[in-house]
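A.B. asks: Quick one: structure below, then a few questions.
Laboratory data are not the source of any read-out in this text; all were calculated from the coordinates shown. Only a predicted model underlies this, so the values are computations on that prediction, with no experimental measurement involved. Heads up, the Cβs are rebuilt from the backbone with ideal geometry, glycines too, and the neighbour counts pull from every protein chain shown.
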Amino acid sequence: MSEEKPKVNQVVMIGAGPAALTAAVYTTREDIQTLLFEKGVIGGLAAITDWVDNYPGFAKGIAGLELAEALRLQAERFGAQIELGEVMGLKCEGDHIKLDTTSGDILAETVLIATGSDYKKINVPGEKEFYARGVHYCATCDGAFYRDKRLVVVGGGNSAVQEAIFLTRFATKIDLLVRSKMRASDVLQKELEKHKDKITVHLGTTTDEIVGEDGKVTKVVGTDTATGKKVEFATDGVFIFVGLMPNTQFLKDSQVELDEVGLIKTNTSLETTMPGVFAAGDVRSGATMQIASAVGEGATAALMIRKHIEDKHQTHEMHSVPATY
């Protein structure tokens with residue numbers, strides 16, 4: 001008896017954020033069998049963003065969770081299969097790509113990496129110890145726990161200001177600690193001014209330690225960089241927003257080349273240095289870290305994947321035709 005050939009997926013997408021879900025809408029409508037692996041939240045960071053105000057077509061804005069859910073339903077309507085699980089690595093195996101997953105080894109003709117980015121840590125004493133017990137990275141997820149409480153927000157970019165403003169719905173007092181100078185857009189800084197009754201901005205203030213007792217955060221210790229003196233802020237919780245880190249750790253032993261910060265290098269077709277492997281969205285070097293651009297890249301990647309599959313099949317057909325003399 002001949003051995004049964006292992007199943008080969010036409011495309012496996014790693015991640016199920018806006019880039020992958022959009023790509024899946026395109027591939028499945030072309031009858032390309034599509035499997036997505038997501039280890040966290042379907043919709044990615046978009047799903048845990050409170051409000052998206054700059055996504056085209058929504059004049060009044062849209063809740064991040066609502067946008068993510070709509071993208072998921074649309075991809076599934078056309079036949080995309082979404083599986084909760086993790087991809088730990090990938091390598092070339094003959095004509096295919098072999099993915100090491102929590103569901104076992106999976107073979108694919110093509111792969112789209114759209115794993116996005118995760119929140120950066122500040123790596124100070126108390127950050128890890130009090131994670132989810134007073135230290136948070138998502139205001140939408142955890143802000144409601146701090147109704148009528150005092151908070152510290154760390155960061156000076158757009159996300160820190162946006163999340164601090166969102167947290168005024170719950171907290172009575174917020175200290176915004178900015179290590180050097182404010183990097184948020186002028187529009188957001190003007191919006192921040194409207195909330196100075198609740199938010200106090202501390203420029204040139206580092207976050208050195210998160211202190212607590214009996215399992216609860218009680219204060220943040222920092223340094224005033226102008227005077228060199230230690231400063232303390234009594235608080236019930238700390239929200240940290242200091243940027244994003246690409247989710248590419250699983251690629252360290254692969255043929256996929258990364259740039260100096262760990263983002264994936266691609267060519268103009270969004271193909272990586274590993275044949276048949278594409279990348280789109282926040283994980284790609286040169287990405288603009290916007291939902292709208294991630295969606296656009298997802299559509300482009302899908303079209304490039306379709307072309308790659310077609311070209312590959314044509315080449316196989318040519319090679320399978322016996323030569324005539």
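A.B. asks: How would you rank 246-256, 21-31, highest first, on the average number of other Cβ atoms within 10 Å across their residues?
C.D. replies: Highest to lowest by the protection proxy: 21-31, 246-256.
A.B. asks: In what sequence do M182, M304 fall when counting other Cβ within 10 Å, fewest first?
C.D. replies: M182, M304
A.B. asks: Please order T101, T205, T115 by the number of other Cβ within 10 Å, starting at the fewest.
C.D. replies: Listed from fewest to most nearby Cβ atoms, that is T101, T205, T115.
A.B. asks: Which residues in segment 119-138 have a backbone N closer than 18 Å to a point placed 7 Å from the Cα of K198 along the Cα-to-Cβ line?
C.D. replies: Counting only backbone N, you get 136-138.
A.B. asks: Still on this structure, I have one more. Of the beta bridges DSSP finds with both residues in segment 121-240, what % are antiparallel, to the nearest 5?
C.D. replies: Bridges in segment 121-240 that DSSP calls antiparallel: roughly 45 percent.
A.B. asks: Starting from the Kirkwood Rh over alpha-carbon pairs, what translational D in µm² s⁻¹ does segment 115-168 have by Stokes-Einstein at 20 °C and 1.002 mPa s?
C.D. replies: Calculated translational D: 175 µm²/s.
A.B. asks: Helix 158-167 versus the longest principal axis of the chain: what angle, 0 to 90°, nearest 10, using Cα atoms?
C.D. replies: 60 degrees
A.B. asks: I've got another one for you. Amide H to amide H, which residues 5 or more places from R284 or on other chains are under 5 Å from it, using H placed in the peptide plane?
C.D. replies: When sequence neighbours closer than 5 places are left aside, the close amide H contacts are I264.
A.B. asks: Still on this model: Could you tell me how many degrees, from 0 to 90 and to the nearest 10, lie between the Cα long axis of helix 64-77 and the main elongation axis, the longest principal axis, of the Cα atoms of the chain?
C.D. replies: Relative to the chain, helix 64-77 is tipped by roughly 10 degrees.
A.B. asks: Shifting gears a bit: Rounded to whole Å, give me the distance from the Cα center of segment 123-137 to that of segment 138-157.
C.D. replies: Distance between centres, Cα-based: 13 Å.
A.B. asks: Translational diffusion coefficient, Stokes-Einstein: compute it for the chain using the Kirkwood radius over C-alpha pairs as Rh, at 20 °C and 1.002 mPa s, and state it as an integer in µm² s⁻¹.
C.D. replies: Here the translational diffusion coefficient equals 99 µm²/s.
A.B. asks: Let me ask another. Only four residue types carry charge here, +1 at the Cβ of Lys and Arg and -1 at the Cβ of Asp and Glu. Report the dipole size of the chain about the Cα centre in Debye, rounded to the nearest 20.
C.D. replies: 1100 debye
A.B. asks: Taking amide H atoms as placed 1.01 Å from N in the peptide plane, list the residues 5 or more away in sequence, or in a different chain, whose amide H sits under 5 Å from that of K120.
C.D. replies: Those lying under 5 Å, H to H, from K120 are V242, G243, L244, M245.
A.B. asks: While we're on this one: Rounded to whole Hz and in sequence order, give me ³J(HN,Hα) for segment 192-203 from the Karplus expression 6.51 cos²θ - 1.76 cosθ + 1.60, θ = phi - 60°, writing x for Gly and Pro.
C.D. replies: So the J values, rounded to whole Hz, are 4, 4, 5, 10, 5, 5, 10, 9, 10, 8, 10, 6.
A.B. asks: In whole Hz, what ³J(HN,Hα) sequence does segment 266-278 give by Karplus (6.51, -1.76, 1.60; θ = phi - 60°), x for Gly and Pro?
C.D. replies: 9, 8, 5, 8, 6, 8, 7, 6, 9, x, x, 10, 10
A.B. asks: What length, rounded to one decimal in nm, is gained on full extension from D53 through to E86, with 0.36 nm per residue of separation minus their alpha-carbon distance?
C.D. replies: 8.8 nm
A.B. asks: Moving on to the next point. What are the residues whose amide H is under 5 Å from the amide H of T101, where those residues sit 5 or more places off or on another chain and H is modelled from the backbone?
C.D. replies: The list, which skips near neighbours in sequence, is M88, I106.
A.B. asks: In whole Hz, what ³J(HN,Hα) sequence does segment 134-141 give by Karplus (6.51, -1.76, 1.60; θ = phi - 60°), x for Gly and Pro?
C.D. replies: Per-residue couplings from phi come out as x, 10, 9, 10, 9, 5, 4, 6 Hz.
A.B. asks: Also: What pairs from K265/K312; K98/K312; K7/K252; K128/K216; K39/K265; K149/K216 go past 19 Å between their alpha carbons?
C.D. replies: Beyond 19 Å between Cα atoms: K265/K312; K7/K252; K39/K265.
A.B. asks: So how do I113, I14 line up by other beta-carbon neighbours within 10 Å, fewest first?
C.D. replies: Fewest-to-most ranking of I113, I14: I14, I113.
A.B. asks: Find which of A19, I62, T34 sits farthest along the positive direction of the dipole of the chain, computed with +1 on the beta-carbon of Lys and Arg, -1 on that of Asp and Glu, about the Cα centre.
C.D. replies: Going by the Cα projections, it comes out as I62.
A.B. asks: What dipole magnitude, in Debye to the nearest 20, does segment 121-240 give about its Cα centre under +1 on Lys/Arg Cβ and -1 on Asp/Glu Cβ?
C.D. replies: So the dipole magnitude of segment 121-240 works out to roughly 200 debye.
A.B. asks: Using the alpha carbons of segment 121-240, what is the convex hull volume per residue in cubic angstrom, as a whole number?
C.D. replies: That works out to 93 Å³ per residue.
A.B. asks: As I understand it, the dipole of the chain uses +1 on the Cβ of Lys and Arg and -1 on the Cβ of Asp and Glu, about the Cα centre. Which of L73, I122, G156 lies farthest toward its positive end?
C.D. replies: Of the candidates, G156 comes out farthest on the positive side.
A.B. asks: Here's something else I'd like to know. Per the chain: cysteines with no other Cys C-beta under 4.7 angstrom?
C.D. replies: C92, each lacking another Cys Cβ under 4.7 Å.
A.B. asks: Need the C-alpha centroid separation for segment 163-183 versus segment 186-243, integer Å.
C.D. replies: Their Cα centres are 7 Å away from one another.
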